[in-house]
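Peer 1: Structure incoming, see below.
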């Protein structure tokens, strides 16, 4: 017997959002494998390409990641030679993250990825922008 109050997967907004996030992230994998980075590492690199020399906590805020998740990710990027972590002289509790030369070179290779993803999706830029705006609207309501 079915309870009419039982949540149904088909009626949930969380499920298609979960699946699309997982599938789109999967589309990035072959392109990121060529660069020897993971999707979360790619996100960190994009932040640094926009603003080099950010404190770790600012990167975490932008990615909605805590330091326990972010620190190992940064260590792996540093081991690969893409970033440098330095303690701030004025306050040694603050660790800033800088692009290494290899990280700057990686940026040049990564520039083609968004176009390749859009091509794989077969969606017009306007449609992607509309989807992004809708998702950001929901995210902003959740954050408040």
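The values are calculated or read from the model by the stated rules, or taken from the named source; none is laboratory data. Bear in mind the structure is a predicted one, so any value in this text is a computation, not a measurement. Neighbour counts are summed over all protein chains in view; Cβ atoms, including those assigned to glycine, are modelled from backbone coordinates with ideal geometry.
Peer 1: Looking at the range 8-71, what helices (runs of 4 or more DSSP H) fall wholly within it and have at least 3 residues that are crowded, with 16+ Cβ neighbours inside 10 Å and free of Cβ contacts under 8 Å to residues at least 60 places away in the same chain?
Peer 2: 39-50, 56-63
Peer 1: With (1) more than 18 Å from the chain's Cα centre (by Cα); (2) in a helix (DSSP H, G or I); (3) farther than 18 Å from residue 21 by Cβ as the list, and residue 104 as the residue in question, which single condition is left unmet?
Peer 2: (1)
Peer 1: OK, next. So for the range 56-73 (the condition being under 19 Å from the mean Cα position of the chain (by Cα), modelled with pLDDT of 95 or more and under 23 Å from residue 120 (Cβ atoms)), does at least one residue qualify?
Peer 2: Scanning the range 56-73 turns up no residue that is under 19 Å from the mean Cα position of the chain (by Cα), modelled with pLDDT of 95 or more and under 23 Å from residue 120 (Cβ atoms).
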